[in-house]
1. Filter the stretch B:201-211 down to the residues that are of a type outside the set (D, E, K, R), out of contact with any Lys or Arg (no Cβ under 6 Å at 6 or more places or on another chain) and crowded, with 20+ Cβ neighbours inside 10 Å and list them by number.
2. So, in the stretch B:6-24, exactly how many residues are assigned to a helix (DSSP H, G or I) and more than 12 Å from DNA strand C (Cβ to nearest atom)?
3. Report every pair of residues separated by at least 6 positions or lying on different chains whose Cβ atoms are under 7 Å apart, first residue within the stretch A:227-248 and outside the structural domain of residue A:198 (by TED's automatic domain parsing), second open to solvent by 70 Å² or more (accessible area, probe 1.4 Å).
4. State all residues of the stretch A:217-232 that are within 14 Å of chain B (Cβ to nearest Cβ) and open to solvent by 50 Å² or more (accessible area, probe 1.4 Å); if no residue qualifies, say none.
5. What single numbered condition from (1) within 14 Å of another protein chain (Cβ to nearest Cβ); (2) open to solvent by less than 30 Å² (accessible area, probe 1.4 Å); (3) away from DNA strand D (no atom under 13 Å from the Cβ); (4) over 30 Å from residue A:341 (Cα atoms) fails to hold for residue A:86?
6. Against the conditions (1) open to solvent by 40 Å² or more (accessible area, probe 1.4 Å); (2) assigned to a loop (DSSP other than H, G, I, E, B); (3) at negative phi, where does residue B:272 fall short? Just the number, please.
7. Using beta carbons and a limit of 9 Å, which pairs, at least six apart or on different chains, have the first residue in the stretch A:19-33 and farther than 20 Å from residue A:58 by Cβ and the second one open to solvent by less than 80 Å² (accessible area, probe 1.4 Å) and more than 8 Å from DNA strand C (Cβ to nearest atom)?
8. Go through B:194, B:235, B:214, B:256 for me and flag whichever is over 30 Å from residue A:277 (Cβ atoms), of a type in the set (A, V, I, L, M), under 28 Å from the mean Cα position of the chain (by Cα) and open to solvent by less than 40 Å² (accessible area, probe 1.4 Å).
Number of protein chains: 2
Amino acid sequence: MRSPTLHDVARSAGVSYSTADRVLNGRGGVAEKSAQRVQRAIEELGYRRDIHAANLSRRRNYRFLFLLPRGDHGFFTVLREALARETVRRMVDRLVITHREVPAFDAEALAAELDATNPEDYDCVALIGVDSAALDTAIRRLVENRLPVITLVSDSASDLRQSYIGIDNVIAGRTAGRLMRLTHLGRTGKVQPILGTLGVRDHRDRLQGATEVIAAAGSGLQILPPIEVQDRPEIMLGRLSDILQGDPGITGIYSIGGGNRGLIELLDRITGPRPVAVLHELTPHSRAALERGVIDAVIDQKPAEEISRAIDAMRAIADDMPAPDSRVVPTIYLADNLPDQNANGGWT
Amino acid sequence: MRSPTLHDVARSAGVSYSTADRVLNGRGGVAEKSAQRVQRAIEELGYRRDIHAANLSRRRNYRFLFLLPRGDHGFFTVLREALARETVRRMVDRLVITHREVPAFDAEALAAELDATNPEDYDCVALIGVDSAALDTAIRRLVENRLPVITLVSDSASDLRQSYIGIDNVIAGRTAGRLMRLTHLGRTGKVQPILGTLGVRDHRDRLQGATEVIAAAGSGLQILPPIEVQDRPEIMLGRLSDILQGDPGITGIYSIGGGNRGLIELLDRITGPRPVAVLHELTPHSRAALERGVIDAVIDQKPAEEISRAIDAMRAIADDMPAPDSRVVPTIYLADNLPDQNANGGWT
DNA sequence: TCAAAACTGATTGACGTCTATCATCTCCTC
DNA sequence: GAGGAGATGATAGACGTCAATCAGTTTTGA
């Protein structure tokens, strides 16, 4: 029941260990027919190289670089904390994870950071994608220098990056739209979408998804033109409070992006019935709001899970294994199915 | 930047490698003060044993046994498939996972299977808990013979098993109740709960959770006495169709257990408005029903994730690391946020 | 046909840990 | 102060792979 070693492969192929090794590791200098015999032996025996023994032997560490946005934006904070946890958790597996902070929403700065990165220093890089020619160029340089790149949370340069780990934002938007429909069964209403800016692809996608579902026949719902609040709580508070006063018929609020502290503050002030409120991303603020019944649902992309999967993917890439894209399914949190407060969403 | 080895520890403690090894692996025969010096060196250097090198050296495999219910019950099928995937996926990590099928819902048979298990043959056992004295006895025997046991999906013998991986069923029920409230905003209604039998703890817990939320002040909802259908589609179909005809005021159906094929068949027949329907467990049937709009929400416990976490926990236990309980948060699936069909819920 | 090139095999010492054996050395006890 | 128990050190061979070297064989082509 012992699994075969490379020695077994060599013996079965009728060649020396050296030759089997040359084939396995593509060192060259092997006659075609020998190579084929080794390959066949590998398949016949079902040989799989013991990756741990290999790593031990070559004193290999997996060196991964994460570029994450700076700042106290709730979601990014959660993301950074998840990364910090995984960093220590994975040390036993020889993963050396470096984390550099870059200014949020600044493609140029991100590109500059990549340009300043020596491709020799890492085995894989993860970053949050943005649509930007400068970023694409920077990514291309790394990839051409054999440093693979993956995108996280938001995709970009999809022909260059090896893998994308994150949610499909159209689906996230559709999920929000579905929640609006379900909370409006048997009645009509108007839904007000709020986003950071229409310039961000992710926000447009969510809006599109929500619109698809809400505007579909039989919903009895109307979706209003979106307002832009730059992910800023103050702007959110001001603009939205104007709008709610102007149109008392609004029965649903869908907050697509950030700045939710403003929204929550506003909802806290409302006495009597309030509109249904659906937000994105579980943060201490949104969680507290859910718990005290000020908002109804949070759509979350499980940052801890994304980080963990990103690391898995990076490791697979570093080991030259296929690393599939991994679409995370957006999760719905209501007041009752919140994860343990301290337990990073249950991700040990 | 190299992480310290046991040789480093020995040198730093001023003892030989042998002594350091004796301390690390508790082989005994070491003077108290030497042991302390070694311990101190370990802490000072931050030494962590290289578990992969250790496993390599002692030719260790992790031998885990899963006892899962037989039968084509949708949920159990998903569970078995997830296990099969993980079994191959984890082979590279020296995990040898054995899977034995036991009759479903039969504590005696499960206990018998455990009794027939030689504690020497495995490093950890996972099973789905049931309240049963016979099972407790069987578990006790294993644990006393140094074979740790964990429970999955449903807990039992909580003082004997090392860890429980699964959802909190009260929370799952509350989540269903919350969905009922949200789908009844601005209107009143009656919710009919359906379960396998009140004899099953998990079902009672879910009912309790749902009742807590639905019966709370301000819901405008009434929860009807539960009906028992033994998880059987035919019974479900018959009983429920009688009840719906008898009481046209029913606006919500909460199916707590199995037999959902009967429920779906019934709902498919309804023309015009139908009650809100919330089910448990994503299976091919429930998924299809969601997609064609016959039911509204599925509460899922992510079996693939549970399996994966169970294996993580078992490995931690086998390595003498702390293995925390892992409460999985029940997930809500609507028509729009379903996972990839083939992709076991996104769990690679 | 002979030298160069291409290929093959044998061997060795890592990597960090486990396990076993054997030889010392230091006490304590009678 | 001899005998024994207990503690310690030294050493060696595994585990499966990597990486390098060197000697030897076969093939190629001019």
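1. Listed by number, the residues that qualify are B:203, B:207, B:210.
2. Here the count works out to 2.
3. Every condition considered, no pair remains.
4. Hits for the stretch A:217-232 are A:217, A:218.
5. Just one mismatch for residue A:86, condition (4).
6. Checking residue B:272 against (1) open to solvent by 40 Å² or more (accessible area, probe 1.4 Å); (2) assigned to a loop (DSSP other than H, G, I, E, B); (3) at negative phi, the one that fails is (3).
7. Partner pairs satisfying both residue conditions: A:30/A:23; A:30/A:38.
8. After applying the criteria, what remains is B:194.
The values are calculated or read from the model by the stated rules, or taken from the named source; none is laboratory data. Predicted, not measured: the structure shown is a model, and the values here were computed from it. Positions of Cβ are generated from backbone atoms using ideal geometry, with glycine treated the same way; all protein chains shown enter the neighbour counts. For the accessible areas, the whole protein counts, side chains as well, though only heavy atoms, and no ligand, DNA or RNA atoms are used. Shrake-Rupley method; radii C 1.70, N 1.55, O 1.52, S 1.80 Å.
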